[in-house]
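Right, one structure below, let's go through it.
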Amino acid sequence: MTDLGLSPAMNELGFYTLPGAPRSPRDLIGEVHTAEALGIGACFISERFNIKEAATLSGAVGAVSERIGIATAATNHNTRHPLVTAAYASTMHFLTGGRFSLGLGRGIDGLFDALGLPRIKTAALEDFVGIMRRLWRGETVLGHSGPCGDYPFLRLDPDFREHIPMTFTAFGPNSLELGGRAFDAVVLHTFFTDETTVRCVETVKRAAAAAGRDPADVRVWSCFATIGDHLPYAVRLKKTVGRMATYLQAYGDLMVKTNHWDPAVLARFRAHSLVANFQGALDQKATTEQLEQIAELIPEAWLAPAAMGSPEQCVAAIRRQFDLGCDGVILHGASPDDLAPIVQEYARTRDHQRFAHLPANPALAPRLATRAA
């Protein structure tokens, strides 16, 4: 690869392109260029059914980048035919020279009900992963009948002998165990307490070992809200209170159960007239004044698992995620421009040797990257 004259790649750090509600998907072009210049190692792509369709965004990131790893985190296996998804991933794999990871998630049951799609079950996900692995190895899948569906004939290219790493965005214990035994990387959720983070990492690694895999082969990414105090007050409020409130709207029971929080607090949040009558996602539609009211409903301790404050304070919080057992940290909820002073401070004091073994692909096992080299 040509020397780009950029900051050294820090493959333990990632960001989400197009955070929140972007005005245009073209914004990702500048974000990716800035991220590569800063040395951020991985670009994660979330999906919303508006202007954030994952396959299109993936191709765009692959086309405008040179070295950054790319992963969907996440798309859903039930929104495309398996052959379409497999071809999408193999196209990205070859387009990027092996920098792409297909990342899946369970999604939200209520949305699937509204769309007339089946709810995603663990068995279906595991079945789907097996199909993808076979297709990328050049196999022909005949007469498949399993939890993810019935498919008489599936084939990509019989000459394929490709390993395309797969990422899973996991939350509950069943998902974490599935990630450990079947996927190559796991992305955790935002606003996990230290205790929850440790427990989740241990669950993934233990499941990998029980499946006969090397736990070090399954990379676990912390999804860590990163909101420096150099950002305007209204923006910080949206990225903390607004984001948490939206999570509580969508799957508050799971957030509370996972973090061992008080469910009575969630009940009061839901019962408040502003929340109960609000139309849409709070982080997208609420005004600053409304978010200030909602802030009174959310304990500070629930917002504390994040990188906030000065660049030095943010970097200290980010480093703690590695101490808790994570292999990588996604600096969540902010664009590379927003993250610049924090990433620059991190790079200034980074332990280069600690992460030298990590490949650009955010789900590729380090030993496989070493073997390929």
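The values are calculated or read from the model by the stated rules, or taken from the named source; none is laboratory data. Quick caveat: nothing in here was measured; it's all calculated off a predicted structure. Positions of Cβ are backbone-derived with ideal geometry, glycine not excepted, and every protein chain shown enters the neighbour counts.
Some notes on this structure:
- Restricting attention to segment 9-37 and to residues that are in contact with a Gly (Cβ under 7 Å, 6 or more places away or on another chain) and among the small types (Gly, Ala, Ser), the residue that is surrounded by the most Cβ atoms within 10 Å (Cβ to Cβ) turns out to be Gly14.
- Any hit, segment 260-277, residues being in contact with a Leu (Cβ under 9 Å, 6 or more places away or on another chain), among the polar types (S, T, N, Q) and at negative phi: no
- Across segment 133-171, the qualifying residues are those that are assigned to a helix (DSSP H, G or I) and not hydrophobic (A, V, I, L, M, F, W, C), and the one among them that is nearest to Ala250 (Cα to Cα) is Arg133.
- Subset of segment 309-318 [crowded, with 17+ Cβ neighbours inside 10 Å, of a type outside the set (Gly, Ala, Ser) and either within 28 Å of Ala363 (Cβ to Cβ) or out of contact with any helix residue (DSSP H, G or I) (no Cβ under 9 Å at 6 or more places or on another chain) (or both)]: Cys314, Val315, Ile318
- The set of residues from segment 319-335 being assigned to a loop (DSSP other than H, G, I, E, B) and closer than 24 Å to His357 by Cβ comprises Leu324, Gly325, Cys326, Asp327.
- Residue match in segment 3-15 (condition: more than 29 Å from Gly146 (Cβ to Cβ), assigned to a helix (DSSP H, G or I) and in contact with an Asp or Glu (Cβ under 8 Å, 6 or more places away or on another chain)): no
- In segment 328-349, the residue that is nearest to the chain's Cα centre (by Cα) out of those that are crowded, with 18+ Cβ neighbours inside 10 Å and charged (D, E, K, R) is Asp338.
- Matching entry among Glu345, Glu296 (being at pLDDT 95 or above and not assigned by TED's automatic domain parsing to the domain that holds Leu102): Glu296
- Residues that are surrounded by 21 or more Cβ atoms within 10 Å (Cβ to Cβ) and of a type outside the set (Ser, Thr, Tyr), drawn from segment 212-227: Val218, Arg219, Val220, Trp221, Cys223, Phe224, Ala225, Ile227
- Of the residues screened, Glu177 is not one that is surrounded by fewer than 16 Cβ atoms within 10 Å (Cβ to Cβ) and either over 19 Å from the mean Cα position of the chain (by Cα) or closer than 27 Å to Ala360 by Cα (or both).
- Remark: pairs (first residue in segment 304-333, within 21 Å of Ile45 (Cα to Cα) and in contact (Cβ under 8 Å) with a residue 12 or more places away in the chain; second residue in a loop (DSSP other than H, G, I, E, B) and not aliphatic (A, V, I, L, M); Cβ separation under 7 Å; 6+ apart in sequence or on different chains) = Ala306/Phe191; Gly328/Pro362; His332/Thr190; Gly333/Pro19.
- Of all residues in segment 296-318, those satisfying the criterion of being over 19 Å from Arg268 (Cβ atoms) and outside any loop (DSSP other than H, G, I, E, B) are Ala307, Met308, Gly309, Pro311, Glu312, Gln313, Cys314, Val315, Ala316, Ala317, Ile318.
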